[in-house]
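Single-structure report; data block below.
Just so it is clear, none of the values below were taken in a lab; they were calculated from the coordinates. Just so you know, these numbers come straight off a predicted model, no measurement behind them. Using ideal geometry, Cβ is built from the backbone for each residue, glycine included, and neighbour counts are taken over all protein chains shown.
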Amino acid sequence: MEWNNIHLEKYDEGWAILTIQRPKVLNALNAETLAELEQALDRVESSPEIRALVVTGAGEKAFVAGADIKELRAIEETDRAEELSGRGQQLFNRIEELSIPVVMAVNGFALGGGFELALSGDILLASDKARFGLPEVNLGILPGYGGTQRLARVVGNSTAKYYALTGEMIPADEAFRLGIVQKVISPDQLLKEAKQLAQKLSKQAPVAMKYIKKAINQGAEADLKTGLQLESSFFGILFNTDDRLEGMDAFLEKRKANFSGK
Ligand code: CO8
């Protein structure tokens, strides 16, 4: 097997599934897994035929139960802790900024680093058994892979503080109500729906999807005026693509568009 802790499977239809698989520790993220995820992202970024990505956890119990606590316990220097936090943040930023859509198929516990990983995706599908949480406070630390920032941006400061300070878990239906999750699905249908969604996304115009993500991600960090300027500028860029002509011609000719990604 190419990697010890993850598996990347490409499908001919133009999408891929990345599975985190450390079943003995509920798919917890150790340094080796982070390094493998970095390599998998390199692969995805250099594979133009992959137009959508699904991320999930192996087994029925966990998506990812957080950073590997055994490994965290062994850290002696504060510099090392800061460095590891920065490294995970960079990895999750890369996922968020991938030019293709990323669907998180959350099949079970998404805790600590696992919740933070899920929050770096574009669309979150959750099994009705999934439970989200930031339990780091119980370990005397804080969410160091972006959780304090990304959760607050989705649910607001007060709700983020409530969950990060109490460490309480969020059941899937509550996560849906809070806007963290876009759809709650029965466990046996989760992967099937995630694959269907990836397939659908892989048929959409790639450059348009890339700039939609950019506009929303970058706009969320900016004031409204700046965000609107970004939107107009990206709108202009898309008018210079083959996909724009193909999409509009297909509509006028009453046929399905076939986007080249150019
Ligand atoms: N790390 C290491 N091992 C883990 C982890 C983890 N995060 N989670 C579960 N395991 C292991 C257990 O130790 C156990 O191993 P063993 O069989 O050898 O005893 C096995 O997985 C199964 O787990 P449980 O027996 O505990 O299963 P339960 O069904 O009883 O409980 C829970 C499931 C509730 C998910 C429970 O395992 C749990 O609470 N796990 C820890 C969750 C947690 O605290 N996550 C946050 C970790 S810290 C973090 O993510 C920080 C991110 C930022 C890092 C910044 C860089 C430094």
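Some notes on this structure:
- Taken over the range 203-262, the criterion of being in a loop (DSSP other than H, G, I, E, B) and aliphatic (A, V, I, L, M) is satisfied by A205, A222, A257.
- Selection status of T33, within 16 Å of the ligand (Cβ to nearest atom), among the hydroxyl-bearing types (S, T, Y), touching a Lys or Arg at 6+ places or on another chain (Cβ under 9 Å) and closer than 26 Å to G133 by Cα: yes
- For the residues A40, A62, A28, the requirement of being touching a strand residue (DSSP E or B) at 6+ places or on another chain (Cβ under 6 Å), closer than 23 Å to A130 by Cβ and within 9 Å of the ligand (Cβ to nearest atom) singles out A62.
- Condition met for K200 (part of a helix (DSSP H, G or I), over 15 Å from the mean Cα position of the chain (by Cα) and either within 16 Å of the ligand (Cβ to nearest atom) or under 17 Å from L53 (Cβ atoms) (or both)): yes
- Odd one out for A152, checked against (1) assigned to a helix (DSSP H, G or I); (2) farther than 19 Å from K195 by Cβ; (3) more than 10 Å from the ligand (Cβ to nearest atom); (4) in contact with a Phe, Trp or Tyr (Cβ under 8 Å, 6 or more places away or on another chain): (4)
- Summed over the range 78-103, the residues that are away from the ligand (no atom under 16 Å from the Cβ) and either buried (at least 21 other Cβ atoms within 10 Å of the Cβ) or over 10 Å from the mean Cα position of the chain (by Cα) (or both) give a count of 5.
- Residue within the range 155-165 that is within 12 Å of the ligand (Cβ to nearest atom) and touching a residue at least 40 places away in the same chain (Cβ under 8 Å) present: no
- Of all residues in the range 137-149 being without any contact (Cβ under 8 Å) to a residue 60 or more places away in the chain and near the ligand (Cβ under 9 Å from one of its atoms), the one that is surrounded by the most Cβ atoms within 10 Å (Cβ to Cβ): P143
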